[in-house]
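This report refers to the structure that appears directly beneath it.
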C-alpha cells in the first residue's frame, strides 16, 4: 500500500508538473505567434510604402495613376476608408507599369492583369489605389491578434473621417535615433520642460496639434530637437502696403492647406477634395496668389530640374532643426566627437575684439571649441541643435554643407542611420516652407517673429595655447534667447547670467530664454513647440548660390558649386542654383537687382513672393532684401544678432561664403 501511495503521488505530481509547464509555455507560444503576425504586418507596411512612392512617381510623370482595372469589392475595407474614398474609384495597381519593385504580397495580380473588374473582384491578394487620395490598400488585409480580439490591417495610415473644414496633417515619420517629446508649457512662475515619450506624463494624443499650433517635436540621442513640417499647399492671400520709399513694416497673409499623404489633394472648407497646383513643366509659371500651390520643398522636381528647390521624390513632410547649429559642450551635454569632415579654410573673418585689431579682419582659423588652429587638418565636430548653446560660427559655406550631409554617417552622435534618414544643409525652399507655415493660421498668423539679438561678452573659455600665449575671449551668439522685441539692438551678456534666469522674469538686461513664457515669441508658432533663431542669432547659410562664376564659389563653396573642377550650373535636390542676370561691369546693387529679376519665377523660398525688390528693406515686416551677386554669390537667411529690424523670417542676403563670426547654419532631415 505504501508503495502504491507513493506511486500515486508521483503520478499526480507529474500531471501537475505537465499542466504547469503547459500553462507557462502558453504565453510563449502566443508571443511566438504574435511575432510572426507582426512580421507579416511589417511586410505589408513595407510593400505599401514602396507602392505609395511608385504611384506618386508615376502620377507626377504621366498625370494619372498606374491602373486601368476598377476594383469594386471594397466592402471589408469600409472601416478604414474616409468619405472621399467611399465615393471614388479604386484601381488594381498595374505592377507592370511600375517595374523595379519587389513585394511580399499581391501575387493575385498575375491572375487579373489581363482581365476585367468582374474577374478581379474574385481575388483578394491584390494591392489597389484610390483615384482621389492615392492611398494604397491591401484587399484581404493582415490579421493581428490584439487584446480586444483580432484586428485586420489594410493600409499603413490612420484614418480620419472627412468632415467640413477637415485639414489632415501627415503624421511625423520617426527616424532611427529619434524619440517623441512634448512639453510642460511655461507659465508665469515656471519654465517649460521636456516630457519624453516614456514619461508617464506623455500623452500620445496631445503630442501634436497643428490646429492648436503645437508642432510635432522629437529629440535625438545627443539632445538635439527636431520639428516636423508636414506637406502642405499655400496661398498668398494678401501682400503688405509699401510706402513711397519702397519699404513696408507690415507682413502679408498666408493660408495653408495640409495635403493628403504624398498627393496634391486637400480638403476645402466644405469637406470637398481639391487639387493644389504645382509647376509641372520647366516653362510653366505659377501664380501663388491665384490658388493653393503645393509647396515645392515636398515635391518631386526631377522633371523640371529642381527649379524651386524640390526633392527627388514626393515627401509627406520634413524634419527641421529646432535651433540653429551649436557647439557641443560648454552649455549642453552633447558629446564632442569628430566627424569625417575637415575645415577647408585656414583663415576666417574675425571680430575685432577677438583679433585685438581696430577692425574686423581675416585671421588664423579658430572657433569656440578648438581655439585657434589655423590649418585644414582640424576635424569638424558634430554640431548639436539645442537651446542655450554657443552658436556654431566660423564655418564657411563649403563646410556647413559637408557637415550637414554627414549627420547620418557611421558613428554619429544622434543615432541616425544613413539607410533611414537623409541629412543636409537647409535649402531656400525649406526655409520658405518654415516661414510660410509660421506666417499661416498654424503659426504666428501674420505677426512678426521676435529677434534673437543676444551675444556673449565672454563667448569662449580663456585658455593657454601650446606656445604659451593666452587666447582672447570673443563674442558669440547663443541659441534660443530674445529680448522680446522684433527690432531690438544687440544686447551683450554672459552665459552665467542666462543660466541664472528663473521663472518668467527676464535677466537684468531684459533677456528671456526659449522655455520662458515671454521667450516663446521668438519661435515660429509663438509658443514652445515652434522653431527658434529664425530671426537674428547668426545668419544661416542655405544651400543656394547664383552661378555668376565669381571666384568665391570655388574658394568657399566648392562642394556645392563645383562638380570636380566644373562649375555646376543646374540645381540638384541638395542645392538650388540661381541663374545670373548681372554683368561684370554692374555695381553691386544693380547686379543684385538684375539677379533678383532673373529668378522671379522661383516660388516657395520666401524671397520673391515676400519682397518687392532685390535691394533695400522691401521684405515683409521691413526685413532686409539683398539678393546674391558679385563677390557675394551664396545665400544666407534671417540676419544676425546686431541686425535689429532688418532681421527676420523674410530677410535674404548674399554672402561671400567665407568662415565668419556672424554666420552659422541649420540642418534638415528627410526619411529615406
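The values are calculated or read from the model by the stated rules, or taken from the named source; none is laboratory data. A quick note: this is a predicted structure, and the numbers were derived from the prediction, not measured. Virtual Cβ from ideal backbone geometry, glycine too; neighbours counted across all protein chains shown.
Just one of the numbered conditions (1) modelled with pLDDT of 95 or more; (2) over 29 Å from residue 51 (Cα atoms); (3) in a loop (DSSP other than H, G, I, E, B); (4) in contact with a helix residue (DSSP H, G or I) (Cβ under 6 Å, 6 or more places away or on another chain) is not true of residue 309: (2). If I ask for residues that are in a strand (DSSP E or B), surrounded by fewer than 23 Cβ atoms within 10 Å (Cβ to Cβ) and more than 14 Å from the chain's Cα centre (by Cα), which ones from the range 218-236 would you list? Scanning the range 218-236 gives 235, 236.
Scan 530, 490 and give me the residue that is within 28 Å of residue 606 (Cβ to Cβ), surrounded by 24 or more Cβ atoms within 10 Å (Cβ to Cβ) and in contact with a strand residue (DSSP E or B) (Cβ under 7 Å, 6 or more places away or on another chain).
530
When residue 522 is tested against (1) within 14 Å of residue 480 (Cα to Cα); (2) at pLDDT below 95, exactly one condition is not met: (2). Within the range 313-324, is even one residue over 30 Å from residue 168 (Cβ atoms) and touching a strand residue (DSSP E or B) at 6+ places or on another chain (Cβ under 6 Å)? Yes; the residues of the range 313-324 include at least one that is over 30 Å from residue 168 (Cβ atoms) and touching a strand residue (DSSP E or B) at 6+ places or on another chain (Cβ under 6 Å).
Scanning the range 409-440 for residues that are in a loop (DSSP other than H, G, I, E, B) and under 11 Å from the mean Cα position of the chain (by Cα) yields 426, 427. For the range 431-459, residues that are more than 11 Å from residue 229 (Cβ to Cβ) and either out of contact with any strand residue (DSSP E or B) (no Cβ under 6 Å at 6 or more places or on another chain) or free of Cβ contacts under 8 Å to residues at least 24 places away in the same chain (or both) total 7. Only one of the numbered conditions (1) more than 29 Å from residue 300 (Cβ to Cβ); (2) under 34 Å from the mean Cα position of the chain (by Cα) is not met by residue 57, and that is (1). Could you run through the range 334-348 and say how many residues are out of contact with any helix residue (DSSP H, G or I) (no Cβ under 7 Å at 6 or more places or on another chain) and either modelled with pLDDT under 95 or surrounded by fewer than 20 Cβ atoms within 10 Å (Cβ to Cβ) (or both)? Residues meeting the conditions: 8. Of the strands (runs of 3 or more DSSP E) lying entirely inside the range 65-148, those carrying at least 1 residues that are in contact with a helix residue (DSSP H, G or I) (Cβ under 9 Å, 6 or more places away or on another chain) and farther than 18 Å from residue 53 by Cβ are 90-92, 142-146.
Sub-8 Å Cβ pairs linking a first residue in the range 191-217 that is at negative phi and surrounded by 15 or more Cβ atoms within 10 Å (Cβ to Cβ) to a second residue that is at pLDDT below 95 and part of a helix (DSSP H, G or I), at least 6 apart or interchain, are 197/204; 214/206, ordered by first then second residue. Taken over the range 629-672, residues that are over 24 Å from the mean Cα position of the chain (by Cα) and either crowded, with 24+ Cβ neighbours inside 10 Å or at pLDDT below 95 (or both) amount to 10. Would you check if there is a residue in the range 168-177 being modelled with pLDDT under 90 and surrounded by fewer than 19 Cβ atoms within 10 Å (Cβ to Cβ)? Within the range 168-177, one or more residues are modelled with pLDDT under 90 and surrounded by fewer than 19 Cβ atoms within 10 Å (Cβ to Cβ). Annotation for the range 23-36: no member residue is at pLDDT below 85 and under 30 Å from residue 131 (Cα atoms).
Residue count for the range 346-360 under the criterion of being assigned to a strand (DSSP E or B) and in contact with a strand residue (DSSP E or B) (Cβ under 6 Å, 6 or more places away or on another chain): the result is 3. Which one is farthest from residue 299 (Cα to Cα) among residues in the range 555-577 that are in a strand (DSSP E or B) and over 22 Å from the mean Cα position of the chain (by Cα)? Result: 566. Applying the condition of being over 29 Å from the mean Cα position of the chain (by Cα) and not in a loop (DSSP other than H, G, I, E, B) to the range 365-387 and asking which residue is farthest from residue 346 (Cα to Cα) yields 371. Of the strands (runs of 3 or more DSSP E) entirely within the range 248-294, those holding at least 3 residues that are surrounded by 14 or more Cβ atoms within 10 Å (Cβ to Cβ) and touching a residue at least 40 places away in the same chain (Cβ under 8 Å) occupy 253-258, 265-267.
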